[in-house]
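Visitor: Sharing a structure with you now.
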Amino acid sequence: MALEMKIERIELHEIELPLVHPFETSFGREFTRSCILVSAHADGLTGWGECTADAGPWYAYETTGTAWHIMAGFLVPAVLGQTVSTPADVVARFERVRGHPMARAGVENAVWDLLARAEGVSLAEYVGGTMARVAVGVSVGIEPTLDALLDRVAQHVDEGYGRVKLKIKPGWDVDVVRAVRERWPDLPLQVDANCAYTLADVPILLALDQFDLLLVEQPFHHDDIVDHAKLQAQMRTPVCLDESVHSPEHARWALDIDACRVINIKVCRVGGLTAALQIHDLCAERGVPVWCGGMLETNVGRAANVALASLPNFRLPGDISASARYYPEGQDVAVPNFELNADSTLSVPEGPGLGVAVLPERVAAARSRHLVCV
Ligand code: OSB
Ligand code: MG
């Protein structure tokens, strides 16, 4: 008999946590991280989702403010008091909402966790995951000097990370990648431009071909696929799209025109776990590898990422680093922490749902806004 749950209460918690190390990308330097946690309550169980919209519209157009508005005004009312048996019931209720993928993901993922807990299975099992450990790497931000960057990379290599991603931007690219490559000739390495280049910069990007990179991530405009296709046609290194793929349709359009040969799947950017699974399956059918991106999540979002990354077509290491890389000890909102295994993997939690426990006192300590919807 199919499980049925009536969603009795949904709460929104806007939180802010300090990063252990500032994180700089081509769009700016962050010292803290904001997000909205969503809790969905039914039958004495609670499911958690993390909406990774940040304080400002720098990575994507969504912010904590717009996501709050869309969730509180439209998404929460669409599911509150409703009976659901599968995540598809939630997706169907959100169909009228255009855009705002991060807001949708926050609510949808809370219901995924709730339903997996009710079924008594891990989220990894619930999504069809097959791997007990997922390969991971670390995303290294732009540093004030090349020496500081080399120190950071050395620290992470010493910690056991088997794959490194460097953030690049005009003026912080070929020479930086060359220096890292010279010091670590065999390190699996990739770069992420976060949209900082244009077609005029193709010669710079082609110069990266000499460094044997796993991929070059999102060099061009945040909505572009056409210019990326022009680059991929000339470039040996696989182009990987992040920002431009905000739905399964965008993924299909990008693959249809060979705009990329790898896709970074971020659960929130694509609108939730359902869409993430669809992109995974589409890429598997087309023989295109995917990997799991990160948005400096708390252990709530990280647990969802690890569950997703346990699917078979996640063939490249994810930006899912150990918890200690992100927030000071004792401040992340959920336990236990994710620890790096000696083979540069994280273990997939086996407990019900996300497999981590949210600590209400830690949520309350980090919280700047709270809404209870009944
Ligand atoms: O482009 O992948 C990105 C963090 C915030 C916004 C965008 C990106 C990132 C990262 C961090 O690279 C990855 C992580 O969570 O470790
Ligand atoms: Mg990226």
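The values are calculated or read from the model by the stated rules, or taken from the named source; none is laboratory data. No experiment lies behind these values; they were computed from the predicted model shown. Counting neighbours? That spans all protein chains shown, and the Cβs are built from the backbone with ideal geometry, glycine included.
Visitor: For segment 284-341, name all the residues that are within 16 Å of ligand 2 (Cβ to nearest atom) and of a type in the set (Gly, Ala, Ser).
Guide: Gly293, Gly294, Gly301, Ala309, Gly318, Ser321
Visitor: At least 1 residues that are surrounded by 24 or more Cβ atoms within 10 Å (Cβ to Cβ) in each: list the helices (runs of 4 or more DSSP H) lying fully within segment 63-109 that qualify.
Guide: Per the criteria, 64-70, 87-93.
Visitor: Tally time: how many residues in segment 212-226 are crowded, with 17+ Cβ neighbours inside 10 Å and away from ligand 1 (no atom under 16 Å from the Cβ)?
Guide: 1
This table checks each residue for (1) in contact with a Leu (Cβ under 7 Å, 6 or more places away or on another chain); (2) of a type in the set (A, V, I, L, M); (3) within 16 Å of ligand 2 (Cβ to nearest atom).
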{"site": "Val176", "(1), (2), (3)": "yes, yes, no"}
{"site": "Ile204", "(1), (2), (3)": "no, yes, no"}
{"site": "Asp212", "(1), (2), (3)": "no, no, no"}
{"site": "Asp224", "(1), (2), (3)": "no, no, yes"}
{"site": "Ser244", "(1), (2), (3)": "no, no, yes"}
{"site": "Trp253", "(1), (2), (3)": "no, no, no"}
{"site": "Ile257", "(1), (2), (3)": "no, yes, no"}
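Visitor: Among the numbered criteria (1) part of a helix (DSSP H, G or I); (2) more than 16 Å from ligand 2 (Cβ to nearest atom); (3) farther than 22 Å from Leu146 by Cα, which one does His228 miss?
Guide: The failed condition is (2).
Visitor: Continuing with this model, one more query. Is one or more of the residues making up segment 148-161 assigned by TED's automatic domain parsing to the domain that holds Val202, surrounded by 15 or more Cβ atoms within 10 Å (Cβ to Cβ) and under 19 Å from the mean Cα position of the chain (by Cα)?
Guide: Scanning segment 148-161, I find at least one residue that is assigned by TED's automatic domain parsing to the domain that holds Val202, surrounded by 15 or more Cβ atoms within 10 Å (Cβ to Cβ) and under 19 Å from the mean Cα position of the chain (by Cα), so the answer is yes.
Visitor: Still on this structure: Going through Val202, Val262, Val288 one at a time, which residue ends up being within 16 Å of ligand 1 (Cβ to nearest atom) and surrounded by 15 or more Cβ atoms within 10 Å (Cβ to Cβ)?
Guide: That would be Val262, the only listed residue that is within 16 Å of ligand 1 (Cβ to nearest atom) and surrounded by 15 or more Cβ atoms within 10 Å (Cβ to Cβ).
Visitor: On to the next question. Which residues, counting only those in segment 231-243, are assigned to a helix (DSSP H, G or I), buried (at least 17 other Cβ atoms within 10 Å of the Cβ) and in contact with a helix residue (DSSP H, G or I) (Cβ under 9 Å, 6 or more places away or on another chain)?
Guide: Leu231
Visitor: Any residue at all in segment 244-251 that's assigned to a helix (DSSP H, G or I), more than 15 Å from ligand 1 (Cβ to nearest atom), outside the structural domain of Trp58 (by TED's automatic domain parsing) and surrounded by 24 or more Cβ atoms within 10 Å (Cβ to Cβ)?
Guide: Kept after step one, since they are assigned to a helix (DSSP H, G or I), are these residues of segment 244-251: 248-251.
Filter again for more than 15 Å from ligand 1 (Cβ to nearest atom), leaving 248-251.
Pick out the ones that are also outside the structural domain of Trp58 (by TED's automatic domain parsing) and you get 248-251.
Those left that are additionally surrounded by 24 or more Cβ atoms within 10 Å (Cβ to Cβ): 251.
Checked segment 244-251: at least one residue is assigned to a helix (DSSP H, G or I), more than 15 Å from ligand 1 (Cβ to nearest atom), outside the structural domain of Trp58 (by TED's automatic domain parsing) and surrounded by 24 or more Cβ atoms within 10 Å (Cβ to Cβ).
Visitor: Which one is farthest from Leu146 (Cα to Cα) among residues in segment 3-49 that are within 15 Å of ligand 1 (Cβ to nearest atom) and of a type in the set (Ser, Thr, Tyr)?
Guide: Taking the candidates together, the pick is Ser34.
Visitor: Within the bounds of segment 10-32, is there any residue that is closer than 19 Å to Val267 by Cα, outside the structural domain of Asn299 (by TED's automatic domain parsing) and small (Gly, Ala, Ser)?
Guide: No, segment 10-32 contains no residue that is closer than 19 Å to Val267 by Cα, outside the structural domain of Asn299 (by TED's automatic domain parsing) and small (Gly, Ala, Ser).
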